[in-house]
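In what follows, a structure is listed as structure tokens, so that the remarks can point back to it.
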Amino acid sequence: MNNTTYHDLSIRSVKPETSKAVTVTFDVPEALRQDFKVVPGQYLKLKADINGEAVERFYSICDFGDDYVQVGIKRVEDGVFSNYACDQLSTGDVLAVQAPQGDFCLPNHEAIAQTKRYCFIAAGSGITPNLAMMRYLLENYDDIEVDLVYVNGKRVDIMFFDEIEGLKNTHMGRFSVTHVVTREPSAIGILSKRPDADTSGKIIDNFIVAEGLDHVYLCGPLPLIDVFRNAFIERGIDKKAIHMELFGTPEVPKPKAPATPKVPELPFHTLAVTDVAPQTDNAKAITFAVPEDLRKDFQPTAGQYIKLRANINGEPVERFYSLCDFGDDFVQVGIKKVEGGVFSNYACDNIKAGDKLEVQLPQGDFCLPQPEQIAKENRYFFVAAGSGITPSLAMIKVLLDQHQNIDVNLLYINSKRADIMFFDELEALKNTHMGRLNVIHVLTREPRGIPMLSKRPDAESAGLIIDGLVGTDIDHTFMCGPLPLIELFRNALIERGIDKKAIHMELFGTPEAPARKTAQSADDSHTKDITVISQGVEQVIKIRDDQDVLDAALEGGITVPFACKGGVCATCKAKRLDGEAEMVLNYGLEDDDVERGMMLTCQTFVTSETATFDFDVQ
């Protein structure tokens, strides 16, 4: 089903929860019940005609059944939709509603059955998705225990108070609730102030106990999410077990003069090089030892990258490189020389065993699905060009070594046989996993028996390769290479019915800058002011008409996340809060991201005189 289709649903009831919040329950007609099946934690998109204009908003589902869905809506100051809903909606009204969507959800049934303890942290209306998940866990799994920390301004602001108390009484001993009320005194001091780095840890230690938690769900404003996330990580909770959804508009403190944005980057760690293995004449695999005290933090997900920093000719130079292999005590990257590349040439010509480099923890989301999802699948397709093999190789190894149900097709494009990185390793994987790994080499400057494998792929040959050598029975496709290659294979797959959401892309190489779509010529002398929010700091900077938002932010001295700068990886995404802007290329955002105002700042040009972009919204 297309989740972006609107359906007219009748309101069954509108119930006040507090003086500033209501729950709105919709009847789901029989014809739509299959499509309106909810995964606890998901949200609905609502549309209403307000003062002659169509207004759309997302609201999380707090309760659901076969024939209804319910959302909680809290009044927001100057909020057009929330004020309309709280003041005017009534039983019998009809609203346009999209089917449930979103991935801030519980694991699947099989995964939940292997777990014991869940913790939920919510602030204000952030309780809505958490309530749906908590109710589902308590009512469907007799051995699951749930802890809730619920933060509000006053006792009268607590949404679903009676329902939460009812769950406590029904599931005695399995459900604990800790209320933090920031504007009313409490006998326990840490429960009567806004949680910070210190009190969040004390709340965990005294009311939850981190040890033994399987999953943590955080839903609220960014500062709250940050302090609790950090506190859980400090207490040994795996980052992958911490799930987050942003609710509310984060407070933006006025910067001190001069404004100094907080650096969002991970810290660097000094790691020793243990091996430098030539792969081709112009590429090497470099292995770093991970010391014992860092092994808990250096736990990559296949497909991720690390950031390296070296002192080259007296200056610190930083570059991202994808992991091609890793284990408990090592990480390995593949580095290919780039003409004029300061770091790549230095690495291939100078780095040797025993050298030490500064390395950040693994990061990035060009990764495999969760193991429980992979267990339901059968076939994966990888497209790589040149050094784009590095993240692909790591993922292929995991699939073949850990998932006996998966078959893999790899299309690997190089100029010549001598340029193929990890050739021997790929051959060994083929022999070890006989019949499960099919490697298709395309050599663009050497003749082969099959013409379509002896030239640079184009739209026609991409289709022929898929149809003749791969097939379309594919669960996921991962593509890593230059933008033109990614674009033509993506189009060929979509034309053959592959879901866009099953196509994952990472840009390797330097993309050509796309032409502006506007008819007007860009004036590189005209500047205007835009506001950029990053890590809670708001700063006004200048931007030229011919300049994208990311470059303007970097030029303005603001440290914001980015990687490919080609519209693919989505690392640089930010939410446009006001103003007008045009995104000229988008391979990294889903349709629902775009609908809620997210933009790839490396591809975004401001078309109004002012605009605001928030990098803290995810």
query = Which net charge results when you count Lys and Arg as +1 and Asp and Glu as -1 among the other residues whose beta-carbon is under 15 Å from that of N282?
reply = +2
Label-point gap, in nm, between E165 and T472 - each point 7 angstrom along Cα→Cβ = 5.9 nm
task = Under a cut-off of 19 Å between alpha-carbon atoms, report the lysines in cross-link reach of K202, not counting same-chain residues fewer than 8 places apart.
result = K193
remark   = For the range 482-497, in residue order, the Karplus 3J(HN,Hα) values (coefficients 6.51, -1.76, 1.60; θ = phi - 60°; whole Hz; Gly and Pro = x) are x, 4, x, 5, 4, 5, 6, 6, 4, 4, 5, 5, 5, 4, 9, x
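Determine the gain in length on full extension of the stretch A375-E30; use 0.36 nm per residue of separation and subtract their C-alpha separation, reporting nm with one decimal.
On the way: separation 345, 0.36 × 345 = 124.20 nm, distance 3.23 nm.
Going from the current span to full extension adds 121.0 nm.
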task = Take the alpha carbon gyration tensor of the range 371-507, find the square roots of its eigenvalues, order them as a ≥ b ≥ c, and report rounded if a/c is under 1.5; if not, report prolate when a/b exceeds b/c, else oblate.
result = oblate
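Once every DSSP H run of n ≥ 4 in the chain is given -39500 (n - 2.57) and the sum is divided by its residues, what mean residue ellipticity at 222 nm do you get, rounded to the nearest 500 deg cm²/dmol? Present the calculation step by step, with values, prior to reporting the outcome.
On the way: 14 runs with 126 residues, N = 618.
Result for the chain: -6000 deg cm²/dmol, rounded to the nearest 500.
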message = 5 Å is the cut-off here: which amide hydrogens, built 1.01 Å from N in the peptide plane, fall below it relative to V180, excluding neighbours closer than 5 in sequence?
response = Y150, V151, N152
message = Shape verdict for the range 527-614, please, from the Cα gyration tensor: rounded (a/c under 1.5), prolate (a/b greater than b/c) or oblate.
response = rounded
note = Longest principal axis of the chain (C-alpha) makes with the long axis of helix 161-170 (C-alpha) an angle, in degrees to the nearest 10, of 80 degrees
remark   = The FRET efficiency for A272 and K154, from their Cβ-Cβ distance with R0 = 51 Å and rounded to 0.05, is 0.40
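Find how much the distance from N491 to T610 grows on full extension, using 0.36 nm per residue of separation minus their present alpha carbon separation; answer in nm with one decimal. Intermediate values should be presented prior to the final figure.
Numbers: separation 119, 0.36 × 119 = 42.84 nm, distance 3.52 nm.
My answer for the length gained is 39.3 nm.
Once you sort the root eigenvalues of the Cα gyration tensor of the range 312-447 as a ≥ b ≥ c, which label holds: rounded (a/c under 1.5), prolate (a/b larger than b/c) or oblate (the other case)? Before the final figure, lay out each step's value.
On the way: a/c = 2.28, a/b = 1.42, b/c = 1.60.
Oblate is the answer for the range 312-447, as a/c is 1.5 or above yet b/c matches or exceeds a/b.
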key: Qualifying aspartates and glutamates (Cα of each under 14 Å from Cα of K284; at least 8 residues distant if same chain)   = D275, D325, D349, D419, D424, E425
ask   = By average Cβ neighbour count within 10 Å, what is the ranking of 29-39, 354-364 from highest down?
value = 354-364, 29-39
key: Which label in [x] 91, 69, 46; [y] 73, 59, 57; [z] 154, 77, 48 gives the computed Cα extents along the principal axes in Å   = [y]
ask   = What is the distance, in nm, between label points placed 7 Å from the Cα along the Cα-to-Cβ direction at D529 and at K202?
value = 4.1 nm
request  = In whole angstrom, note down how far apart the Cα centers of the range 541-614 and the range 107-163 are.
outcome  = 35 Å
message = Tell me the relative contact order for the chain as a rounded percent, counting alpha carbon contacts under 8 Å between residues six or more apart.
response = 8 percent
Using θ = phi - 60° and Karplus 6.51 cos²θ - 1.76 cosθ + 1.60, couplings along the range 341-347 (whole Hz; Gly, Pro as x) = x, 4, 6, 4, 5, 4, 5
query = Angle between the Cα long axis of helix 389-402 and the longest principal axis of the chain, 0 to 90 degrees, nearest 10?
reply = 70 degrees
query = Given a Förster radius of 51 Å and the C-beta distance between K542 and A459 as r, what FRET efficiency does 1/(1 + (r/R0)^6) yield to the nearest 0.05?
reply = 0.80
key: Interchain or long-range residues, amide H under 5 Å from E17's placed H   = V22, T23
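Every read-out reported here was derived from the displayed coordinates using simple, explicitly stated rules and does not represent laboratory data. Owing to the predicted nature of the structure, the values given are computational and were not obtained by experimental measurement. Don't worry about glycine lacking a Cβ; one is built from the backbone with ideal geometry, like all the others, and counts go over all protein chains shown.
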